[in-house]
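Data first, discussion second: the structure below is written as structure tokens.
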Amino acid sequence: MFDEVKTGFTLAWGGAVEAFGVVPDLVCLAKALGAGLPCGAIGGTEEAMAMVISGELDQQGTFNGNPLTMAAAKANLLDVMTPDAYARFDELNTILARSDEVCAKHGLPANVKLLGAKGSVEFRREPIHEYRDLWDIDDRVPQLAWLWQLNRGVFKSPGSKWESWTTSIVHADDDVQRYVDNLEEFAAAVTNPRA
């Protein structure tokens, strides 16, 4: 089962299913489907959905068939999240990938992950593979990095052991370069505080 409530169409037009080439028995979609409106969808193989298909089990939800959310989802999938949008994410990721170079240059124990509109700087030398890996991360570093970015014009979600972001097709190259420039200043300050 793929829980794509937070990823979905931010990774690829076909979500993680397309991005990783795996066809799960069930997939759950939400936020990125509704273009910001409360929206969700489930899908699955005929076998996994058999009870719903036969009517033995009712599939219900707060916004099932809501005309506004369905119209937003349709417009989002057909008019906004086009192949050009994903090409734009790749362009932005080319700039954001420089964050890895910044971390290496300053010896900051961190690594960068990028896929579609999603990305993150993980403040750990080795990539995070499971929740136990988070125990090694000193909470003070990502909190300080978040404040550093915030005070220099980049707002992201606070309160995490890694800095994650979702880019938008309306982000300019300068917008994401600002993040990289801020990260470079941060890395220099925390790895060489007397400089």
- Task: Divide by every residue of the chain the summed helix terms, -39500 (n - 2.57) for each DSSP H run of at least 4, and state the resulting mean residue ellipticity at 222 nm, rounded to the nearest 500 deg cm²/dmol.
- Result: -11000 deg cm²/dmol
- Listed peptides 92-101, 70-79 by packing density, highest first (mean Cβ within 10 Å): 92-101, 70-79
- Considering only Cα-Cα distances, which of the following residue pairs are longer than 19 Å: K6/K113; K31/K74; K118/K161; K105/K161? K105/K161
- Kindly state, to the nearest 0.05, the FRET efficiency for F20 paired with A189, given R0 = 35 Å and r defined as their beta-carbon distance. 0.45
- Task: Could you please state how large a percent of the accessible area of segment 114-195 is carbon and sulfur, counting protein chains only and using a 1.4 Å probe?
- Result: 52
- Accessible area per residue in Å² at 1.4 Å probe, computed on segment 72-157: 57
- In segment 15-86, carbon and sulfur make up what percent of the accessible area (probe 1.4 Å)? 60
- For the chain, with a Gaussian network of springs between Cα atoms less than 10 Å apart, report the residue from A172, A145, A35 with the top mean-square fluctuation. A172
- Message: More than 23 angstrom separation, counting every C-alpha pair in the chain; what % is that?
- Response: 52
- Message: Could you give each residue of segment 65-74 its phi-based ³J(HN,Hα) in whole Hz, using Karplus coefficients 6.51, -1.76, 1.60 with θ = phi - 60°, and x for Gly or Pro?
- Response: x, 4, x, 5, 5, 5, 5, 5, 4, 5
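The values are calculated or read from the model by the stated rules, or taken from the named source; none is laboratory data. Computed from a predicted model, the values in this text were never measured in an experiment. We place every Cβ from the backbone using ideal geometry, glycine too, and count neighbours over all the protein chains shown. Heavy atoms of the whole protein, side chains included, go into the accessibility calculation; ligands, DNA and RNA do not. Shrake-Rupley method; radii C 1.70, N 1.55, O 1.52, S 1.80 Å.
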